[in-house]
Every structure is written in C-alpha cells, then in structure tokens.
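A.B. asks: Next up is a structure, given as structure tokens.
The values are calculated or read from the model by the stated rules, or taken from the named source; none is laboratory data. This structure is a prediction, so every number in the text was calculated from the model and none was measured. Cβ: placed from backbone, ideal geometry, glycine included. Neighbour counts: every protein chain shown. Protein only, heavy atoms only, side chains kept; ligands, DNA and RNA dropped before computing areas. Shrake-Rupley method; radii C 1.70, N 1.55, O 1.52, S 1.80 Å.
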4 protein chains.
Amino acid sequence: MTQIDRHTAGVYVIAATPFADDGALDLESIDSLVDSYIAAGCDGMTILGVMGEAMKLAADESRAVMRRFLARAPKGFETIVGVSAPGLDNLARLGQEAMEAGAAGVMIAPIPSLATEEQVLNYYAQACAMLGEDVPVCFQDYPQLTGVKVSADTILELTRRHPQIVMLKHEDCPGLNKLTRVREGSGTESTPRLSILCGNGGLHLCQELARGADGAMTGFAFPEMMVDVVRLHAEGKADAAEDLFDAWLPLVRHEVQPGLGLALRKETLRRRGAIKSAKVRAPGPKLTAADLAELDRLISRAEARVPAAGGRLAA
Amino acid sequence: MTQIDRHTAGVYVIAATPFADDGALDLESIDSLVDSYIAAGCDGMTILGVMGEAMKLAADESRAVMRRFLARAPKGFETIVGVSAPGLDNLARLGQEAMEAGAAGVMIAPIPSLATEEQVLNYYAQACAMLGEDVPVCFQDYPQLTGVKVSADTILELTRRHPQIVMLKHEDCPGLNKLTRVREGSGTESTPRLSILCGNGGLHLCQELARGADGAMTGFAFPEMMVDVVRLHAEGKADAAEDLFDAWLPLVRHEVQPGLGLALRKETLRRRGAIKSAKVRAPGPKLTAADLAELDRLISRAEARVPAAGGRLAA
Amino acid sequence: MTQIDRHTAGVYVIAATPFADDGALDLESIDSLVDSYIAAGCDGMTILGVMGEAMKLAADESRAVMRRFLARAPKGFETIVGVSAPGLDNLARLGQEAMEAGAAGVMIAPIPSLATEEQVLNYYAQACAMLGEDVPVCFQDYPQLTGVKVSADTILELTRRHPQIVMLKHEDCPGLNKLTRVREGSGTESTPRLSILCGNGGLHLCQELARGADGAMTGFAFPEMMVDVVRLHAEGKADAAEDLFDAWLPLVRHEVQPGLGLALRKETLRRRGAIKSAKVRAPGPKLTAADLAELDRLISRAEARVPAAGGRLAA
Amino acid sequence: MTQIDRHTAGVYVIAATPFADDGALDLESIDSLVDSYIAAGCDGMTILGVMGEAMKLAADESRAVMRRFLARAPKGFETIVGVSAPGLDNLARLGQEAMEAGAAGVMIAPIPSLATEEQVLNYYAQACAMLGEDVPVCFQDYPQLTGVKVSADTILELTRRHPQIVMLKHEDCPGLNKLTRVREGSGTESTPRLSILCGNGGLHLCQELARGADGAMTGFAFPEMMVDVVRLHAEGKADAAEDLFDAWLPLVRHEVQPGLGLALRKETLRRRGAIKSAKVRAPGPKLTAADLAELDRLISRAEARVPAAGGRLAA
C-alpha cells in the first residue's frame, strides 16, 4: 500500500459521495466515479471531505463509502481520507479504520474552537499522538470554512514537530504569499519538506504552481484539466498550462460559489456519466431552471474553446 | 409515555455524559446521574446536547447513552433528546430512534449555514416533515453558538406552521425583551401557546420567570436550586426565589464561562457523587490547580449562604 | 444635478482614493482618476466605499476627497457616495453634505450588529428618516463583509416601504438566484422597480446581466471592459459580451482576492497613469516582487487576448 | 502630567459619553460625570471606548469630548483615551492629540482583520512607531468584540518588544488562566511587568484580583463598589471584598448583557445624577417599561443588601 509523503505531487481529486434521487447511498456510482477519476489521469483522490458530504452520513454509511472507494481504487492510486471531527476519539477511530482499509493518509482541518496558534499546535499534537506516528497526515488550511487562521510559521512548526505531517492542503485566500513562505521555509536544514496541494476549487492553480505548489487537491468536475495543467507546468510549459486553464476558468469560477458549487459539480458529474444522480443530501441547494441553463452555457462555451487550447474534452 | 407539550413547565436539566478517566463511556454513572436529578426534584432532562458532548460520541456510543438514560428515567420523568445534526437524514434517524426508545420529544437548533429567516423556516419545515408530525419538537434558539439569529416573529411563525413545535429553549442574549415578545405573541387567537424553558446556564432565570418563562433547561450543577427557584416563583414568592438564586449566582456566573464551564460542572457533579469522573473528552479544557481552588471557594461560599436563603444543600 | 433612480443602468465604477507614497492625500490624482473613468465610458462612480479606504480617512480628508471627486465629475456623470457608518448621526450628516455638494445618491450597507431582518428594516427606516426622503439610496447587500444576511423578500420589502431606496448593489454570493428573485419581484404591481448594479469585483457579471441586472458597480481596474460588456449585452450580443469578459477573467479573478485586491488595483491604476502612487494606507497589504511579477504576467496575457475578443486596451 | 505605567493599579472607570435627549452632545454632563467618578474614589478613567460610543461621534465631537473630560479631570486623576481605528493614520493622530491634551496613555484593540498573531505583532509595531515611543499604550484584549484571539505568549512578546506597552486590559473569556499566565510571565528576568486591569463589566473581578490583576477597568454604574472591592482585596480582606462584590453581582450580571448593557448603565447614571439624559445614540437599544421595572428591582435589592456587606450606597 503506498502512502502520501513529503514529495507527493500531482492531482488528488476531491471525491463527491453519490446518492440516489431518494437520498440513499449509491455505492455503484462510487465505482464509476473512481473509474472516471482514473480515466482523467488523477494520481489519487480524497474522500469524506466537506465536498463528500461526510457530515451528512450515518456512521455505518461513512464506513461503507470508505470501503467502496478504497476497494475500487487500483494499486498505486492513493486515497486520502478526511477524518476531521469535533472529538478526537472519533477522529482517531476513523483514521485507524481508514489506514487499515488501505488509505494513503488522512486529512485533518483544525476544529473551529481553536482560538490561538498555540491551541492549534496542541490540537495537532494530541491528534498525532492518538492516531499513532505511522499515519501520514495532510494539514488542511481552510480558514474560510473553519474560521481558524494559521500563519506560515505555525505550519512550518507543525512540520518540524510531527514527522507524520507530510502534506499541506493549501486553501487560504489570499494565500499566494503564504504559499511562497511555506515553500521557501520547508525543505531547508531546519524544516522538512512539505508537499503542497492546492484547493479552493483550483481558482488560482497556475499562480500556485508557479510559486512551488506540487499539484491540486480539489473537486473541479473536469479533473482532466487539472491533470493536464499540472503536467504541462511540470514540463516547463507554463504558458500552455495557463492557456488551457483559462479556457476552463469561467466554469472553475462558477463552481467556486460556496454551497451551490457542490450541486453544480454533482450535476456536471452526472452529465458526464460519472454518477447516476446529482442528488445533494438535505439540507442542500437545489438547482433551478436558470441554474441549469447557465451551466449548459458555461460547459458548451468551454468545450468550444478547449480543443484550441490543447485540452481534452469529455468523451 | 408522556411527551412535552405547549404547557410543559418546570426544570429540565441538561445532562452531562459521563466518561471514565480514560475517556471510555461510563454507563453506570448515567444511572447515578439520573438518580441525582430526580432527587433534586427535576421534572425531566435533556440529553445529547452540546453539554452532553454529543458531537464527540461515536454513533453506537450515542445510541448506548440514549438508551441508558431512557431506561433509568422513571415513569413521568420526561427526557428530551438533542438531535441537531449537519444532515437531516441523520437528524430524522436519531429523532425516530429516540421516540421509539421512549423520549418525550426532540430538540433542534438551526444549523450554522442558515443565512436568512426564510431559510430557517424552510429548514424546520423539512425537519418536521422528515421526523413526522407526531414528534414534539423544542426549538433551541442559541445564536451565540449557532450564529443564526432568529426574530421573535419567526419563532411565532414556526409555532403557527408546525403544531409539533411546542417548546422554545430560550438562550439568546440579550433576550429578555425577545422572551416577552414570544410570551405575549403566543397563546393568542392566531398563534398557539409555546412552552418556554430558559438556558444560558440560568444566568437570568428570575428575570425570565418574571417575564413569563415556564421554567429552566440548563445544566447548573446544583439543579435543586433551579427547582426551588421555579417552585417559589410559581407560588408567588418572587423575592424568596430571587434571594435563593442570588445566593448561588456567584457559582452560576462562574459556570457560564464558555468551554471551561463544562469542566467545572463535571467536577462539581463528581464531588457531589453524581458521576465517578470529571473527564471531558478531547479536545476539551483541563482544570488547573487554581481552577480547582477557585471552585472550592465558590462552592463553600455558596453553601455558607444558602441555608439562610432557604435553600437545600448537597446531602 | 441628476440623481440615481429606479432605472439607472450602466457602469458605476468604485473609485479608489489616491495617496502619495508617504500616505498623504493626493488630490491631483483624483482628477486624473476621474478623467480615466470617463475615458473608459463609465456612467458614474461610487466614492468613499470600502475600496476607497473611507474608514482610514480623517473627517476633513473625507470631505476634501468628496468635494474633489464631485468637482471633477462632469455634468451627467453621476457620483454615489458611500455613507455607511457605525452611528446614524454621522451617516446622515455625511449624506446631507454629499447631496449638497452634488452627489447623485448615497450608498448604505447594514451595520454588522443588525441581527435579524426586522432589525435591518428598522435600521433603514431610521436612516431614511434622518437623511430625508429626497435622498436616493442604494442598498449595499454585501454579507461577506458585513455579516448581515438579507433575504430577497426583505430587499423587496425595503423597496416598498421607502420610495427613496431605488438601487441594489448586489454582492451576495452565491447570489444569482437571489438576483433573479429581486428582479422578478420588483417592477410589479405591488413593488416598485429596483435598479440592480453588481459588485463582487465583477466575477459573475455576464450571468448577472443575463438574469436581469442593470449593470456593474465595482472597481475592476480596466473599467472599459465592464463598459463594453454591459453595452454588448444591452445590444443583445451576449456571446460577444462574454467572450470579451472571459478574456479579462483571469485578471478579474486575481483582483477579487480579499485585501490584496485593493493593492493590485491601485498598482494597475498607477501603471495605467490614472493615479501617481499605488500606496494603500496602513494597515494594508504591500505587494511583493512575486506579486508584481504575477500581475505583469496576467496583464500581458489579457492584453494579448483582448483585441481578438473585440475589446479595448489601455492607451 | 502623570502617565500610566507598569505598576498602575486601582479602578479606571470606562466613561460614558453623555448626550441630550435629542442626541446632541451634552458637555456639561461630562463635568458632573467626572465629578461622580472622583467622588466614588476612582483612580482614573478611560474615555472614547466602545462604551463611550466613540464610533458614533463626528470628528469634532470626539475632540470636544476628549478636551472636556481632560479639562475636568483633576491633577493625578489619570485619563486613558481609546484610539482604536480602522486606519493607523487616524489612530496616531488621535493618540498624539490626546497626549498633547494631557492624557495618561492610549488604549488600542487589534482591528478585526488581523488574522494571525504574527499580524497582531506587526500591527502593534506599526502603531507604536507611528505614535512615538513616549506614548504609553494599554493593549485591549477583547476577542468577543474584535474577533482577534491573542495568546498569553503573544501578549508577553508585545511587552518585550515595546517598552511603551505597559498595560493589559484583560477581557478575554474564559480568561482566568490566561490572566495567570500573563501575570506569571511578566515581571520576570526576560519580560517587563505589565499592569493588568480587568474589563468585561467586572463579572469575574474577585477571581481576577486573586490571580494577580491590579484592578478594574470597566463601566459598572456603581464604581464605588469596584473601588471598595479592589481596596479591600489589596488590604488582604478577600472575603470582605467578595461579600461586597456578591451583593452587587445581580446588577453586574444584568449590565453585562451585550448592547442593552450600555442603555442600562446610562439610565443608572442618570438616576444617580451623574448625567442628565440616558440617551444612547442611534442605532442603539431603547429601554422598555419592563426593562425599567427590572432595573428598579435590581437596584433596590442591591441597596437593601449592600450596607450589611459594608459597602457604600449612592448618596
């Protein structure tokens, strides 16, 4: 079983959790969804995150979802499991189950009640101790959601204190200078390297790659774009990468709308055949006729532009 | 099985969830805790609330805690179950389990993402529909925690729309004038009566009773005080009620400290023999030597004052 | 003096306030800035908003800035003055001064402490009464900044209650369906029409126009783009409008970064010769070498693309 | 002119700003208010804070208020001026004016946009530099209002870096252990002593004194209580101090209600003859008949109890 490490790079797509129209789990669609991620060229995926509606699953559903995703993922395709939880007992329990089932690592965001950076450091010390030092951890830095602001220095300090914290999911905004500080401050004599994958819907992906990010970890519904952009960038073709990115940017920007974005993504994945229903569990947004027409238009406009930019279209 | 209704009154104590020092569930202490609440004269209790660390329980623990509390509660001692959850499927499932196991009703706070009062109305419409109209609901109005501000008018509108919403847990602050508006606006020709029980640690209990509240729903660790205050008030002895309340107020005020308050309460319950350990699950505060000395002092000072005020002491 | 009304349409650019490198007011640059807005084809401008660093001006500076902007604006070029303030006395005083000096209207955002929609309604009732009914008001709906969430129904109710509230600055996000509801609910038998101009950096401008917005009110540093997009859209050329918009979208998206965006805009305005210094008053962000290189790249890429999309470039 | 320093102790009452019933400044009431504070035995006062409605004053009103307070304060009665402002230019300007007019120091709270403790350190470095190193600064730690959480370590670091930061206004909650950490960490070999005065309406005053606070800085409308409590505590009579405090606690607790508290305080000051009108500028709460009756009752109950507790009553 491979695990994430300090040099992990590429595209780890954030996976949706498929439901049937009546809200029941749709485990079969997990298979087709994983297949679509692999066909797109992703290096791995992250499951049970916010986009995966993890908080809306019953405990046994959560377990079933995790096992189905891990069972479908082929050898070498790494799966990170989101284990953020209000209590550390639940966090550790889910983390250990995930690793036993074959996960490549776990992702943890700070809980909203952490008030100071000292408390953030203490929280991760507890979490790492309870998980055990063999479990690789991705630190999710997403203050827009958690309300917890963490400085680059604190991220570097976490890296020094806990060899198992090997990855940063970068989603602070504005965050480009913070990314630069983490990149320059890690992989030095004093501080181990940190793999940096970027979230936030990919909205600033090309700038992030230019500043040293190792790839993307987000749920954009055409992940082949992210795969191609990251690859082109790694090949030194920054302009080509950004041309392709810009062709999709209108849709990227559209998906980034908080709350609504998830419904738009699931509808897009449904249209692409990756899942059977676009259902979002309650409480959640429902798309209006105007929303659907807008999405049609944005997808068609992108598809008309992408070939010229050298990109792949949906089959 | 009795259920809460629009005329429910008295003291419904918010129950702690007992853990052993190592963090494991301590189901036996649930029995002694319930017994202590009954000995104090409480009319009922509310379990699996925030103070009950519900979010830190695994799903099977949650179920075990609920069943143990309900099994120990004698006939006529009503138990309300907190079922607030990020997803409505989980909320409805827990609510139905609770009612089948003998609960008197469920308590629901709005989820933090509800942005407008229209969204609050829609959320409760969905929740009520999914629970079924036979399940009595207590609306928890606690904006300090949820971030969701709800006007008196919206609370009255909920009361009109959903016959099953029979109770308000009032914890907004400042909230005395809001309580007055709900009291005066319900039990009218247009709007059914709403039972109003007050939370917030009981900090303003006498003022709330004077404005028409039906009782208290909070976790103060000497619930006999609340029972006596509510009873004296109902007997028309407002001054005696407030004298007794004021004798305890230094401790009430001390317990109201966010976060720390739970640790102080559990330590007090432990000293009183209601539970075996004061353990709060991680992440949570730990009491320092100075915290413990302060608590000693506040409890002794109260105990020196309470008999003169006509109140009961711990056995 | 023309004033904004229920049919106002077009581009009302949000104006920066120019400072010298040492932080002193640069009144001369106000002249060149206004000239650049007029050259771009804007229909008006909004001054003393958040982007105008209004809160960082001394009272006499605020007055001097207002008078200079209004003095430079030619006949027919309408100026809206941001008058949001923690106290209504200051709000009304500034509003009256603005109208006397020739403003076309004032813009008011709800103060952060307004907890319920009823309180929002009361606040605007007080504000309108203190301003006087002759002062046209633009309601700024910007919950990301104010924390105050207002439903479409409340916006329509404000429109019915106060004939002087003639315009909505729409910046909620996600907000497209809210815009649709305000558009469809105003200009009806029961509710007067509301002019809707869109902010949020213009990030969703084409979708907003398609849903019935009357134009843009935001500070994108190439306002000619917004002018052309709004004009093309009005001419029924939605595809051409969106092609042009998309050519600039990478820069629009880059400017939308909270906090940093203002520094990027002022630097862009400086490069374009509209103001002499990119200085942002403390506390405020400073651009790093990497920030400047990124901006270079994004502007050059846009300039290479825009002519093909039928757009204008900086002279 | 005396100034605050690292050993300042006692009661620095937070002063209200008096208005006439029509909302105009009432400068004469400033004189009677200052006289009442002196009669109560206060050691100093803090003006233009949140409770002073500073944000609702026009710039010239602000200046007039400051000059009137300073002119009335006798020699040795120290006045701290709140200078928190969104922009550092305004902050420094007001600070310098205050010192020139005879203030004993200035009080600064972090602005809400400071996201990390590193940014807090940078902000105070800028503020101190712009004020000049001769201006004594009180750091106001009030996260409930500012949203900025600052650890004890960061407060100590500020103390080391800036000799002019001599005082902490402690209002975090729960904050008793933080107070202990600041007390124990300052006045050491590495870190200069910090004067600690406590706010938050005085709700935890006796516990704070026991943990090493030097006094109180808050606006409780019977400041003689705070004066006596602090004095008794300094004389080693902790029990007598707390008995007196507890006699007033029901009113202290009542005044702590956010927002409403200011209206209650001004009404109390009016009844005591310290100011002529209880007017709070808009937007602000208005007391209902029920509010007034409640206040009557709480004041009479305290007055009946205080003599037995050895305290002073209003003349």
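A.B. asks: For D:Gly215, indicate whether it is of a type outside the set (Val, Ile, Thr) and open to solvent by 20 Å² or more (accessible area, probe 1.4 Å). Steps first, answer last, please.
C.D. replies: Details: of a type outside the set (Val, Ile, Thr): yes; open to solvent by 20 Å² or more (accessible area, probe 1.4 Å): no.
No, not satisfied.
A.B. asks: Which one is farthest from B:Thr8 (Cα to Cα), of the residues in segment B:85-95 that are small (Gly, Ala, Ser) and surrounded by fewer than 23 Cβ atoms within 10 Å (Cβ to Cβ)?
C.D. replies: Applying the first criterion (small (Gly, Ala, Ser)) to segment B:85-95 yields B:85, B:87, B:92, B:95.
From the residues that got through so far, the ones that are surrounded by fewer than 23 Cβ atoms within 10 Å (Cβ to Cβ) too are B:85, B:87, B:92.
Details: B:Ala85: 25, B:Gly87: 28, B:Ala92: 23 Å.
Top of the filtered list is B:Gly87.
A.B. asks: Given the conditions (1) closer than 19 Å to B:Leu298 by Cα; (2) under 21 Å from the mean Cα position of the chain (by Cα), and given that D:Lys237 satisfies all but one, which numbered condition is not satisfied?
C.D. replies: Among (1) closer than 19 Å to B:Leu298 by Cα; (2) under 21 Å from the mean Cα position of the chain (by Cα), D:Lys237 violates only (2).
A.B. asks: Please go through segment D:29-79 and give me each residue that is surrounded by fewer than 23 Cβ atoms within 10 Å (Cβ to Cβ), more than 20 Å from D:Gln140 (Cα to Cα) and either under 13 Å from the mean Cα position of the chain (by Cα) or charged (D, E, K, R) (or both), ordered by number.
C.D. replies: D:Asp31, D:Asp35, D:Asp60, D:Glu61, D:Arg63, D:Arg67, D:Arg68, D:Arg72, D:Lys75, listed by residue number.
A.B. asks: Same structure again: Scan segment A:91-117 residue by residue and report those that are within 21 Å of the chain's Cα centre (by Cα), closer than 20 Å to B:Ala24 by Cα and of a type outside the set (A, V, I, L, M, F, W, C).
C.D. replies: Passing the criteria: A:Gly95, A:Gln96, A:Glu97.
A.B. asks: Kindly evaluate C:Arg281 against the criterion of being within 23 Å of C:Tyr142 (Cα to Cα), basic (Lys, Arg), more than 10 Å from chain A (Cβ to nearest Cβ) and under 16 Å from the mean Cα position of the chain (by Cα). I'd like the intermediate steps shown before the answer.
C.D. replies: Values: within 23 Å of C:Tyr142 (Cα to Cα): yes; basic (Lys, Arg): yes; more than 10 Å from chain A (Cβ to nearest Cβ): yes; under 16 Å from the mean Cα position of the chain (by Cα): no.
Considered against the rule, which asks whether it is within 23 Å of C:Tyr142 (Cα to Cα), basic (Lys, Arg), more than 10 Å from chain A (Cβ to nearest Cβ) and under 16 Å from the mean Cα position of the chain (by Cα), C:Arg281 comes out as no.
A.B. asks: Which condition breaks for C:Ala213 when tested against (1) in contact with a strand residue (DSSP E or B) (Cβ under 7 Å, 6 or more places away or on another chain); (2) more than 20 Å from C:Leu313 (Cβ to Cβ); (3) not in a loop (DSSP other than H, G, I, E, B)?
C.D. replies: Evaluating C:Ala213 over (1) in contact with a strand residue (DSSP E or B) (Cβ under 7 Å, 6 or more places away or on another chain); (2) more than 20 Å from C:Leu313 (Cβ to Cβ); (3) not in a loop (DSSP other than H, G, I, E, B) leaves (3) as the failure.
A.B. asks: Out of contact with any helix residue (DSSP H, G or I) (no Cβ under 8 Å at 6 or more places or on another chain), farther than 23 Å from D:Cys198 by Cα and within 14 Å of chain C (Cβ to nearest Cβ): which single residue out of D:Arg67, D:Arg93 fits that description?
C.D. replies: On the way: D:Arg67 fails: within 14 Å of chain C (Cβ to nearest Cβ).
Residue meeting the stated conditions: D:Arg93.
A.B. asks: Let me ask another. Going through A:Gly236, A:Gly273, A:Gly259 one at a time, which residue ends up being at pLDDT below 95 and small (Gly, Ala, Ser)?
C.D. replies: Just a single option satisfies the conditions, and that option is A:Gly259.
A.B. asks: Can you find a residue that is in contact with a His (Cβ under 7 Å, 6 or more places away or on another chain) and free of Cβ contacts under 8 Å to residues at least 40 places away in the same chain anywhere in segment A:236-253? Let's see the steps before the verdict.
C.D. replies: We begin by selecting, within segment A:236-253, every residue in contact with a His (Cβ under 7 Å, 6 or more places away or on another chain); these are A:241.
Now drop any that are not free of Cβ contacts under 8 Å to residues at least 40 places away in the same chain, which leaves A:241.
Yes, segment A:236-253 contains at least one residue that is in contact with a His (Cβ under 7 Å, 6 or more places away or on another chain) and free of Cβ contacts under 8 Å to residues at least 40 places away in the same chain.
Residue-wise test of (1) assigned to a helix (DSSP H, G or I); (2) within 14 Å of chain C (Cβ to nearest Cβ).
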| site | (1), (2) |
| --- | --- |
| A:Thr159 | yes, no |
| A:Leu168 | no, no |
| A:Asn177 | yes, yes |
| A:Glu184 | yes, yes |
| A:Thr191 | no, no |
| A:Ile196 | no, no |
| A:Gly201 | yes, yes |
| A:Cys206 | yes, yes |
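A.B. asks: I'm trying to understand the selection: among the residues of segment D:276-315, which are part of a helix (DSSP H, G or I) and surrounded by 15 or more Cβ atoms within 10 Å (Cβ to Cβ)? So that I can check it myself, show each step before the final result.
C.D. replies: Here is the first cut: in segment D:276-315, the ones part of a helix (DSSP H, G or I) are D:289-305, D:307-309.
Those that are part of a helix (DSSP H, G or I) and surrounded by 15 or more Cβ atoms within 10 Å (Cβ to Cβ): D:Ala290, D:Asp291, D:Glu294, D:Leu295, D:Arg297, D:Leu298, D:Ile299, D:Arg301, D:Ala302, D:Glu303, D:Arg305, D:Ala309.
A.B. asks: When segment A:96-114 is examined, which residues are found to be open to solvent by 10 Å² or more (accessible area, probe 1.4 Å), within 14 Å of chain B (Cβ to nearest Cβ) and of a type outside the set (Gly, Ala, Ser)?
C.D. replies: Correct list: A:Gln96, A:Glu97, A:Ile111, A:Pro112, A:Leu114.
A.B. asks: Something else about it: Any chance segment B:187-195 includes a residue that's more than 18 Å from B:Glu255 (Cβ to Cβ), under 16 Å from the mean Cα position of the chain (by Cα) and without any contact (Cβ under 8 Å) to a residue 60 or more places away in the chain?
C.D. replies: Narrowing segment B:187-195 to residues more than 18 Å from B:Glu255 (Cβ to Cβ): B:187-195.
Next, only the ones that are under 16 Å from the mean Cα position of the chain (by Cα) stay: B:195.
Filter again for without any contact (Cβ under 8 Å) to a residue 60 or more places away in the chain, leaving none.
No.
A.B. asks: When D:Ser151 is evaluated against the numbered criteria (1) farther than 20 Å from D:His204 by Cα; (2) surrounded by fewer than 24 Cβ atoms within 10 Å (Cβ to Cβ); (3) over 16 Å from the mean Cα position of the chain (by Cα), which criterion, by number, is the only one it fails?
C.D. replies: It is condition (1) that D:Ser151 fails.
A.B. asks: For D:Pro143, only one of the following conditions fails: (1) crowded, with 17+ Cβ neighbours inside 10 Å; (2) more than 13 Å from chain A (Cβ to nearest Cβ). What is its number?
C.D. replies: Unmet condition: (2).
A.B. asks: Right, next: Among the residues that make up segment C:277-285, is at least one of them among the aliphatic types (A, V, I, L, M) and either in contact with a Pro (Cβ under 8 Å, 6 or more places away or on another chain) or at pLDDT below 95 (or both)? Spell out how you get there, then give the answer.
C.D. replies: Start the filter on segment C:277-285 by keeping residues that are among the aliphatic types (A, V, I, L, M), which leaves C:278, C:280, C:282.
Still in the list and also either in contact with a Pro (Cβ under 8 Å, 6 or more places away or on another chain) or at pLDDT below 95 (or both): C:282.
Scanning segment C:277-285 turns up at least one residue that is among the aliphatic types (A, V, I, L, M) and either in contact with a Pro (Cβ under 8 Å, 6 or more places away or on another chain) or at pLDDT below 95 (or both).
A.B. asks: Which numbered condition trips up C:Asp60, out of (1) in a loop (DSSP other than H, G, I, E, B); (2) of a type outside the set (Ser, Thr, Tyr); (3) out of contact with any helix residue (DSSP H, G or I) (no Cβ under 7 Å at 6 or more places or on another chain)?
C.D. replies: Answer for C:Asp60: the failing condition is (1).
A.B. asks: How many residues does segment C:249-260 hold that are assigned to a helix (DSSP H, G or I) and facing another protein chain (nearest Cβ under 8 Å)? Step through it out loud before you land on a result.
C.D. replies: Step one: of segment C:249-260, the residues assigned to a helix (DSSP H, G or I) are C:249-255, C:260.
Restricting the remaining residues to those that are facing another protein chain (nearest Cβ under 8 Å) gives C:249-250, C:253-254, C:260.
Of the residues in segment C:249-260, 5 are assigned to a helix (DSSP H, G or I) and facing another protein chain (nearest Cβ under 8 Å).
A.B. asks: Is segment A:216-233 home to any residue that is part of a loop (DSSP other than H, G, I, E, B), over 23 Å from C:Ala289 (Cα atoms), among the β-branched types (Val, Ile, Thr) and away from chain C (no Cβ under 14 Å)? Working first, answer last.
C.D. replies: The initial filter retains those residues of segment A:216-233 that are part of a loop (DSSP other than H, G, I, E, B), namely A:217-222.
Now drop any that are not over 23 Å from C:Ala289 (Cα atoms), which leaves A:217-222.
Then drop every residue that is not among the β-branched types (Val, Ile, Thr), which leaves A:218.
Okay, now just the ones that are also away from chain C (no Cβ under 14 Å), so A:218.
Yes; the residues of segment A:216-233 include at least one that is part of a loop (DSSP other than H, G, I, E, B), over 23 Å from C:Ala289 (Cα atoms), among the β-branched types (Val, Ile, Thr) and away from chain C (no Cβ under 14 Å).
A.B. asks: Among A:Arg265, A:Arg272, which is the only one that is open to solvent by 10 Å² or more (accessible area, probe 1.4 Å), away from every other protein chain (no Cβ under 12 Å), closer than 23 Å to A:Cys173 by Cα and not small (Gly, Ala, Ser)?
C.D. replies: Only one candidate qualifies: A:Arg265.
A.B. asks: Here is a further query. Within the group B:Val81, B:Val135, which residue is in contact (Cβ under 8 Å) with a residue 40 or more places away in the chain and more than 13 Å from every other protein chain (Cβ to nearest Cβ)?
C.D. replies: Working: B:Val81 fails: in contact (Cβ under 8 Å) with a residue 40 or more places away in the chain.
Just one listed residue meets the conditions, B:Val135.
A.B. asks: Output the residues belonging to segment A:115-132 that are in a helix (DSSP H, G or I) and either within 14 Å of chain D (Cβ to nearest Cβ) or acidic (Asp, Glu) (or both). Walk me through how you get there before you give the answer.
C.D. replies: Restricting attention to segment A:115-132, the residues satisfying the condition of being in a helix (DSSP H, G or I) are A:117-131.
Of everything in segment A:115-132, those that are in a helix (DSSP H, G or I) and either within 14 Å of chain D (Cβ to nearest Cβ) or acidic (Asp, Glu) (or both) turn out to be A:Glu117, A:Glu118, A:Gln119, A:Val120, A:Leu121, A:Asn122, A:Tyr123.
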